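Asker: I have a structure I would like to understand better, so I am pasting it below and will then ask my questions one at a time.
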Amino acid sequence: MRDSTQEQLHRLRSLRTAAGLTIGELAARSGVSARTIGGIERHTIRRPHPGTLRALGTALGLHGPDADRLGTAGGQVGVVTGLPGVTPHFTGRHADLAWLTARLGHRHAVQLIGLPGVGKTALAVQAATRLADRFPDGVRFLGPVGDATAATIARRLLPAATTASTGSDPEAVGAYRDLVRARRMLVVLDGVRDTRQVGPLLPVDATAVTLVTGGQPLAGLPEADRWLVPPMPATDARAALTAMVDGSTPAPAVAELAACCAGLPLALRVTANRLLTRPQWSAQWLIDRLTRPERVLGALVAGDLSVRDAFERAYAGLSSPARRALRLLPRLVGPAPAEAGFLDLAERGWLTAGRDHRYQPHPLVRAFARVVPGT
């Protein structure tokens with residue numbers, strides 16, 4: 001198992017990115033220097049002061065006892081009761097939230113899938129926060145799961161006093177299955193990459209409900225229990241960007257910038273950050289770059305937030321046919337054909353269904369396909 005400082009590294013980063021904050025923005029909120037935050041996340045600061053961790057927890061929207069959880073000793077940082085703070089300026093998503101409200105009421109597991117940066121984590125946190133009173137045994141958030149095995153995930157979620165948490169892998173998984181059968185709680189597993197990571201942890205007779213986010217559909221989970229999170233509609237994207245820049249940019253420019261982001265929340269967040277932190281750059285200067293396919297991904301970078309980086313991480317997890325299909329996109333004339341690789345991309349939200357059973361790539365996917373590794 002990881003030690004507590006390694007858990008602090010991953011926990012702080014996941015909470016910060018789930019809240020849609022750069023290191024600089026978290027520093028401004030918490031009063032902790034950006035250098036210190038970066039050091040904790042990179043593990044160059046190995047023993048952060050408890051007061052520092054409490055300040056960061058409070059700035060991330062953790063309250064009461066939860067505000068101390070970044071600094072909990074004994075490896076319990078990854079065993080989280082409660083949720084990260086909801087994403088600032090969360091906008092719209094009414095259909096998505098309605099689906100989650102209905103499914104989380106009577107299913108043992110549901111999944112949110114979609115394009116990188118489309119807001120799966122923010123949506124999961126928003127829904128779990130709103131529906132927390134349905135779960136008398138609490139809400140637990142773990143993520144990003146990354147490459148963790150089912151046994152590792154089970155150990156992080158089991159109570160510390162559970163003997164099985166330090167036992168063999170089968171003991172840990174078995175104890176966790178008993179736990180979710182016995183308790184009415186909501187478990188949010190964020191950033192799951194593979195069915196094998198969570199399949200053993202989802203008994204069909206569970207009393208608990210598990211909400212999984214990830215880019216790959218889980219095998220064995222009925223299609224009715226999966227929700228493809230779409231990009232934001234144009235109206236909601238404009239409203240979100242307007243709220244993020246808080247009147248600092250004229251409305252016509254905000255509308256044009258939001259259109260350039262094509263409804264991708266991560267792109268909107270990066271755009272707002274660039275407008276707020278670089279006032280010497282005009283909105284038109286940014287528009288000029290976002291409207292040029294060869295420059296758009298280079299412009300959508302703010303500190304450690306990067307649309308291209310998010311796409312590259314997700315690209316590494318695509319199937320071989322899907323990667324080949326993505327590399328073919330720049331050479332296609334018209335919509336993508338309904339072939340295996342393109343179907344896989346559509347199932348993950350990289351393409352959307354068009355006429356005659358053909359698929360249209362998201363504009364930023366098309367831009368990424370021009371620079372994808374291996375092309």
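The values are calculated or read from the model by the stated rules, or taken from the named source; none is laboratory data. This one's a predicted model, so the numbers in the text were calculated from it and none came from an experiment. Note: ideal-geometry Cβ built from the backbone for every residue, glycine included; neighbour counts use all protein chains shown. Heavy atoms of the whole protein, side chains included, go into the accessibility calculation; ligands, DNA and RNA do not. Shrake-Rupley method; radii C 1.70, N 1.55, O 1.52, S 1.80 Å.
Asker: Report, by chain and number, residues whose modeled amide H sits under 5 Å from the one on THR352, excluding near sequence neighbours (fewer than 5 apart, same chain).
Answerer: Residues meeting the criterion, in which the H sits 1.01 Å from N, are GLN360, HIS362.
Asker: Sticking with this one: What is the calculated FRET efficiency for SER248 to ALA316, with r their C-beta to C-beta distance and R₀ = 35 Å, to the nearest 0.05?
Answerer: For R0 = 35 Å, the calculated efficiency reads 0.45.
Asker: Please give me the summed charge of the neighbours of LEU275: other residues whose Cβ is under 15 Å from its Cβ, Lys and Arg +1, Asp and Glu -1.
Answerer: For residues surrounding LEU275, the net value is +1.
Asker: In percent, what relative contact order does the chain have, based on Cα pairs under 8 Å that are 6 or more apart in sequence?
Answerer: That works out to 15 percent.
Asker: Determine the gain in length on full extension of the stretch ASP288-ARG183; use 0.36 nm per residue of separation and subtract their C-alpha separation, reporting nm with one decimal.
Answerer: 32.4 nm
Asker: Would you tell me the accessible area of TRP99, worked out with a 1.4 angstrom probe on the heavy atoms of the protein chains, in Å² to the nearest 10?
Answerer: 40 Å²
Asker: Still on this structure, I have one more. Describe numerically, in nm with one decimal, the distance between label points set 7 Å from Cα along Cα→Cβ at VAL301 and at ARG35.
Answerer: 2.4 nm
Asker: With springs only between Cα atoms under 10 Å, which of ARG324, ARG13, ARG348 fluctuates most in a Gaussian network model of the chain?
Answerer: Answer for the Gaussian network model of the chain: ARG324.
Asker: Can you list the residues, at least 5 places off or on another chain, whose amide H is less than 5 Å from the amide H of ARG140, using H built in the peptide plane?
Answerer: So ARG140 has HN proximity to GLY82, LEU186, VAL187, VAL188.
Asker: Between LEU332 and HIS106, 0.36 nm times their residue separation minus their Cα-Cα distance comes to what?
Answerer: 77.0 nm
Asker: Would you give the gap between the C-alpha center of the range 189-263 and the C-alpha center of the range 100-128, rounded to a whole Å?
Answerer: 7 Å
Asker: Could you identify which residue out of ALA272, ALA316, ALA127 has the top mean-square fluctuation in a GNM of the chain using Cα springs shorter than 10 Å?
Answerer: ALA316
Asker: How much length would be gained if the chain were fully extended between ALA132 and ARG324, taking 0.36 nm per residue of separation minus their Cα-Cα distance, in nm to one decimal?
Answerer: Length gained between ALA132 and ARG324: 64.9 nm.
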